[in-house]
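Asks: Pasting a structure here, questions to come.
The values are calculated or read from the model by the stated rules, or taken from the named source; none is laboratory data. Since we're looking at a predicted model, the values are computed, not measured. No Cβ is skipped: glycine too gets one built from the backbone with ideal geometry, and neighbour counts run over all protein chains shown.
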Amino acid sequence: MTRRVYLDHNASTPVHPEVIEAMLPYLGERYGNPSSIHAFGQEARDGLETARERIARFLRVGKDEIVFTSGGTESDNLAVKGVAAARGSGHIVTSRIEHHAVLRTCQTLERQGFAVTYLPVDEHGLVDPDDVRRAIRPDTILVTVMHANSEVGTIEPIEEIGRVVRERGIPFHVDGVQTFGKVPVDVEGSGIDLLSFSSHKIYGPKGVAGLYVRKGTKMAAIQHGGEHERRRRAGTENVPGIVGLGKAVEVRGREMTAEAARLTALRDRLTEGVRARVPEVRVNGHPARRLPGTANLGFRHVESESIVLGLDLKGVAVSAGSACTSGNVEPSHVLVAMGVPLDWAMGAVRCSLGRSTTAEDVDYVIECVEPIVRKLRAASPVAAV
Amino acid sequence: MRYSPALIDHFRNPRNAGLMPSPDATGESEYAGCGDLARFYLRVRAGRAADVRFQTYGCGPTIAAASAGSELATGRRVKELMGLDRDAVEEALGGLPPDRKHAADVVAAAIRAAARDWVSRHV
């Protein structure tokens, strides 16, 4: 049987066994609606609130400042649209490399009359805090910058950006989906008013996430119904999912620091191994300020999807930097913003390592990559090698 | 699996891949939507494509389509290849998903261009 190696942890992760175990009672006997006042409801409420406390403790914030949602995308939408709706008009500052959950939300708000500044990034994908300072206007109502980029792993200087934003008294939203539970997030020290985080990137279940909302932040609800989540997000809470998220956070609290060091070493073993064997490879992203397990490798003159397919046939799961939909290939908006030349950007492959990744896995991937790229280049009319 | 066994086989073991020195004809096609590129080379003997080679840049299905197309073209009369239909290439691959139909288009167009190149100089 072909060896199976999963290097797509930035897309999703397997649910941790302790998380499954914690969730099971809430898929079984503890099925009550947490809004119900009877015992069945209160059992579910207890599970919900325990998870909320765990997350609040992990982020060192207040329990009432955590709002549960259905996913990172909803958290980003709630933060950006919620602040915009509370203000009614104004200007938003964001970056060109945000996740589409933020970018397309901002574009939608532009069509509704809001003004948006999309900040550039440098060749490593970093936003310059001085650019944020210069972009802020008297009518700026929100600054939203991601903590780490999912494609290249670059970690943004959110502490410095947060200082700039706080000086001006503007709400600061951070999309922390790729960093929450992977590297420390200093909510207070970074002046964060809203922080999106997700469950399935940290070995929790899919379909559940959260938004930290600093007390006093003006944010309107964007979906309406009952009184759930202190009227900030209507809809019966996904209790088993939230319990799972709470457990996942507890486990990350134990494992995060050691795991980050281990993954950084494995990530560097991967990039060095590939670079030693394959000519014309570049690492996209910041050399040092980068997520522990993320390696975005650009193979010149090869189309990334053909590498992904080649590796898939060897049992290795990675993701392509360029997305082909119905015969249209768009190079990644992140790599374009970083100024990566097209002949490199089209061959970008993201490897994201996780808990289960071993040194043997990494060595196997290095072995697999070389002949795949060599064969593709041999058949390519654009490659010189 | 998203792709047929025939497609996967051609992708894994592309037939006739690589440059042909001093070909009798060449033809190229690029799919503007995604930049996929196929180039075909023909060695022609007695009006037939005695040897066919290709180079291609693109996604897995395009590479597989080029391999399948090279097999389809080998031994055929060059004049016939001027009318090679994209459906024949897709059929040889055991079908293509709806969002990868362009793979057969770009390969069939490149083979037709190579055939036209030879015919324009020899007929």
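Asks: Where the second residue is modelled with pLDDT of 95 or more and the first is on the phi > 0 side of the Ramachandran plot and lies in region B:60-77, which pairs have Cβ atoms under 7 Å and are six or more apart or on separate chains?
Replies: Close Cβ pairs satisfying both conditions: B:Gly75/B:Arg48; B:Gly75/B:Ala49.
Asks: Can you name the condition, by its number, that A:Thr236 falls short on among (1) within 25 Å of A:His147 (Cβ to Cβ); (2) in the same structural domain as A:Arg52 (by TED's automatic domain parsing)?
Replies: (1)
Asks: Could you please give the count of residues in region A:79-102 that are in contact (Cβ under 8 Å) with a residue 12 or more places away in the chain and over 26 Å from A:Asp131 (Cβ atoms)?
Replies: 1
Asks: Please go through region B:35-75 and give me each residue that is farther than 15 Å from B:Ala110 by Cβ and outside any strand (DSSP E or B), ordered by number.
Replies: Start the filter on region B:35-75 by keeping residues that are farther than 15 Å from B:Ala110 by Cβ, which leaves B:43-48, B:50-51, B:59-60, B:75.
If the condition is that a residue be farther than 15 Å from B:Ala110 by Cβ and outside any strand (DSSP E or B), then B:Ala46, B:Gly47, B:Cys59, B:Gly60, B:Gly75 are the ones that fit.
Asks: May I ask you to verify whether B:Leu42 is touching a Phe, Trp or Tyr at 6+ places or on another chain (Cβ under 8 Å), crowded, with 23+ Cβ neighbours inside 10 Å and more than 21 Å from A:Ile307 (Cβ to Cβ)?
Replies: Details: touching a Phe, Trp or Tyr at 6+ places or on another chain (Cβ under 8 Å): yes; crowded, with 23+ Cβ neighbours inside 10 Å: yes; more than 21 Å from A:Ile307 (Cβ to Cβ): yes.
In short, yes.
Asks: Now a separate question. Here is a check on your reading of the model: is A:Glu237 more than 25 Å from A:Ile155 (Cβ to Cβ), among the charged types (D, E, K, R), touching a Ser or Thr at 6+ places or on another chain (Cβ under 9 Å) and at pLDDT 95 or above?
Replies: When the stated conditions are applied, A:Glu237 passes them.
Asks: Another question, then. Within region A:3-15, identify whether any single residue is in contact with a helix residue (DSSP H, G or I) (Cβ under 9 Å, 6 or more places away or on another chain), at pLDDT below 95 and under 27 Å from A:Thr357 (Cβ atoms), and answer yes or no.
Replies: Yes; the residues of region A:3-15 include at least one that is in contact with a helix residue (DSSP H, G or I) (Cβ under 9 Å, 6 or more places away or on another chain), at pLDDT below 95 and under 27 Å from A:Thr357 (Cβ atoms).
Asks: Restricting to region A:35-60, count the residues that are among the charged types (D, E, K, R) and buried (at least 21 other Cβ atoms within 10 Å of the Cβ).
Replies: Residues that pass the stated criteria total 1.
Asks: Can you pull out every residue in region A:118-136 that is surrounded by 14 or more Cβ atoms within 10 Å (Cβ to Cβ) and either farther than 28 Å from A:Thr294 by Cα or of a type in the set (A, V, I, L, M, F, W, C) (or both)?
Replies: Residues satisfying the conditions are A:Leu119, A:Val121, A:Leu126, A:Val127, A:Val132, A:Arg133, A:Ala135, A:Ile136.
Asks: May I pose another question? For residues that are part of a loop (DSSP other than H, G, I, E, B), of a type outside the set (Gly, Ala, Ser) and within 11 Å of chain A (Cβ to nearest Cβ), scanning just region B:1-30, find the one that is farthest from B:Gly58 (Cα to Cα).
Replies: Checked region B:1-30; the qualifying residue farthest from B:Gly58 (Cα to Cα) is B:Met1.
Asks: With respect to A:Glu305, is the statement that it is in the same structural domain as A:Leu263 (by TED's automatic domain parsing), in contact with a helix residue (DSSP H, G or I) (Cβ under 9 Å, 6 or more places away or on another chain) and charged (D, E, K, R) true? Spell out the reasoning first.
Replies: Working: in the same structural domain as A:Leu263 (by TED's automatic domain parsing): yes; in contact with a helix residue (DSSP H, G or I) (Cβ under 9 Å, 6 or more places away or on another chain): yes; charged (D, E, K, R): yes.
For A:Glu305, the condition - in the same structural domain as A:Leu263 (by TED's automatic domain parsing), in contact with a helix residue (DSSP H, G or I) (Cβ under 9 Å, 6 or more places away or on another chain) and charged (D, E, K, R) - is met.
Asks: Moving on. Return a yes/no flag: does region B:54-70 have any residue that is among the small types (Gly, Ala, Ser), surrounded by fewer than 19 Cβ atoms within 10 Å (Cβ to Cβ), within 11 Å of chain A (Cβ to nearest Cβ) and within 22 Å of A:Ile307 (Cβ to Cβ).
Replies: Within region B:54-70, none of the residues are among the small types (Gly, Ala, Ser), surrounded by fewer than 19 Cβ atoms within 10 Å (Cβ to Cβ), within 11 Å of chain A (Cβ to nearest Cβ) and within 22 Å of A:Ile307 (Cβ to Cβ).
Asks: Since B:Gly94 meets every condition but one in (1) on the phi > 0 side of the Ramachandran plot; (2) without any contact (Cβ under 8 Å) to a residue 12 or more places away in the chain, which condition does it not meet?
Replies: (2)
Asks: Also: Conditions first: (1) within 14 Å of chain B (Cβ to nearest Cβ); (2) within 24 Å of A:Pro371 (Cα to Cα); (3) not in a loop (DSSP other than H, G, I, E, B). A:Leu266 passes all but one, so which condition is the exception?
Replies: (1)
Asks: Of all strands (runs of 3 or more DSSP E) completely enclosed by region A:62-162, which ones contain at least 2 residues that are hydroxyl-bearing (Ser, Thr, Tyr)?
Replies: Working: elements: A:66-69, A:91-95, A:115-119, A:140-144.
Result: A:91-95, A:115-119, A:140-144.
Asks: For region A:82-99, what are the residues that are of a type outside the set (A, V, I, L, M) and either at pLDDT below 95 or surrounded by 20 or more Cβ atoms within 10 Å (Cβ to Cβ) (or both)?
Replies: Those that are of a type outside the set (A, V, I, L, M) and either at pLDDT below 95 or surrounded by 20 or more Cβ atoms within 10 Å (Cβ to Cβ) (or both): A:Gly82, A:Thr94, A:Ser95, A:Glu98, A:His99.
Asks: Just checking, does region B:20-35 include any residue being touching a His at 6+ places or on another chain (Cβ under 8 Å), in contact (Cβ under 8 Å) with a residue 12 or more places away in the chain and of a type in the set (Gly, Ala, Ser)?
Replies: yes
Asks: Ok, one more. Tell me whether region A:378-385 contains one or more residues that are at pLDDT below 90, in contact with a Ser or Thr (Cβ under 9 Å, 6 or more places away or on another chain) and not hydrophobic (A, V, I, L, M, F, W, C).
Replies: Yes: region A:378-385 contains one or more residues that are at pLDDT below 90, in contact with a Ser or Thr (Cβ under 9 Å, 6 or more places away or on another chain) and not hydrophobic (A, V, I, L, M, F, W, C).
Asks: Next question, about the same structure. Return the residue satisfying two criteria in turn: it lies in region B:31-47 and is more than 9 Å from chain A (Cβ to nearest Cβ) and touching a Pro at 6+ places or on another chain (Cβ under 7 Å), and of such residues it is nearest to A:Asp343 (Cα to Cα).
Replies: By that ranking, first place goes to B:Tyr41.
Asks: What strands (runs of 3 or more DSSP E) lie completely within region A:278-385 and have 2 or more residues being away from every other protein chain (no Cβ under 13 Å)? Write out each step before concluding.
Replies: Details: elements: A:281-284, A:294-299, A:323-325, A:328-330, A:348-352.
Counting at least 2 such residues, we get A:281-284, A:294-299, A:348-352.
Asks: Could you check how many residues of region A:224-247 are surrounded by fewer than 16 Cβ atoms within 10 Å (Cβ to Cβ) and of a type in the set (S, T, N, Q)?
Replies: 1
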